[in-house]
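The values are calculated or read from the model by the stated rules, or taken from the named source; none is laboratory data. It should be emphasised that the depicted structure is a prediction, and the values quoted were computed from it without experimental measurement. All Cβ positions, even for glycine, are placed from backbone atoms using ideal geometry, and neighbour counts span all protein chains on display.
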Amino acid sequence: MIVMITKNGYEMWLTFNSDKEKIQVPVLPESITVSNGSNNSNIDIAGLGEVVIMQSRPAYKYKFKSYFPKVMSQAVSVSELTDPLVLVERIKKWKEADRPIKFVLTDVGISTYCTIEDFQYSEEGGDVGTIQYSLELKEYREISTRQVTIAEETETATVSTEETRVDNTTSPSTYTVVKGDCLYNIAKSLYGDSSQWHKLYEANKGVIGGNPNRIYPGQVLTVPQ
C-alpha cells in the first residue's frame, strides 16, 4: 500500500527517549510505502486438500525518501531548519541504540513505535549541504505475557494476555568538551535547539562553575534529556 502525502495538514515526526528527543521531518516525502505481508502458511493434507494455518499478522513496514534541506524553500514544512548533518547524526544514534523510536504521521492515523531497519543518505552536487536520504522502519511490538489457568473441577483452560507497554527511555548521556565548544553550540548539536544551553548549564554547574561562558576542553558534561 502506498500512502500519498500532501503538504497541507500533515506533520511527520520521529521521536526518541519518551519524546524528549524529536525530529519533525522538514520536507514531507511524496509518498510512504506501507507493507504488512502475511505469516500464514499452507499445508496439503491427504484427503482434505490445502489447509491454511492462520498466524499472527507480521509487523508493518514503512519506507520513504526525502531530504534534509540546508536552506529554506516552499517545500519546507517547519519554521526553523536544523543543520542536516545534525539530523543525520541523531538518526544514526537512534539506530544504534537498543530502543525503538516513535513514528507519527498526523491526520493519517499512524502513531507507532518502530525500529530503524535501514537509513541511507548522500549529498549531491549542485545542492551543497542538503542531505538526500531514505528511511525504512519496522513496527515494534513488545512481547505479551500469556497465562493459562486451568479449573480443576471442569478441566477447562482460560488464557489471559497481559499487554506490555513500550519503553524507549534512555539513560542520561555525557558529552566531552572539545576546543572551540560553547554551551550554545553544544545545545544546538545535541538538541537541535541552541536555546537549550541553559539546561546544560543547570545540570553541570558543579563542573562549569559560576560562568557558563567558561568551559574547557576535556570537561565531561552530563546531558539531561
Original post:
How about segment 101-116: which of its residues are out of contact with any helix residue (DSSP H, G or I) (no Cβ under 9 Å at 6 or more places or on another chain) and either without any contact (Cβ under 8 Å) to a residue 12 or more places away in the chain or of a type outside the set (S, T, Y) (or both)?
Top reply: K102, F103, V104, L105, D107, V108, G109, I110, S111, C114
Subject >> In segment 52-84, the residues that are under 21 Å from G126 (Cα atoms) and either surrounded by 13 or more Cβ atoms within 10 Å (Cβ to Cβ) or charged (D, E, K, R) (or both) >> reply: K65, S66, Y67, F68, P69, K70, V76, L81, T82, D83, P84
Original post:
How many residues, within segment 185-218, are more than 25 Å from the chain's Cα centre (by Cα) and not hydrophobic (A, V, I, L, M, F, W, C)?
Top reply: 15
Subject >> Checklist (1) surrounded by fewer than 18 Cβ atoms within 10 Å (Cβ to Cβ); (2) in contact (Cβ under 8 Å) with a residue 40 or more places away in the chain applied to L87, failing item >> reply: (1)
Original post:
If you go through segment 1-42, how many residues are modelled with pLDDT of 70 or more, assigned to a loop (DSSP other than H, G, I, E, B) and surrounded by 16 or more Cβ atoms within 10 Å (Cβ to Cβ)?
Top reply: 6
**OP:** Return the residue satisfying two criteria in turn: it lies in segment 108-141 and is charged (D, E, K, R) and outside any strand (DSSP E or B), and of such residues it is nearest to T33 (Cα to Cα).
**Re:** R141
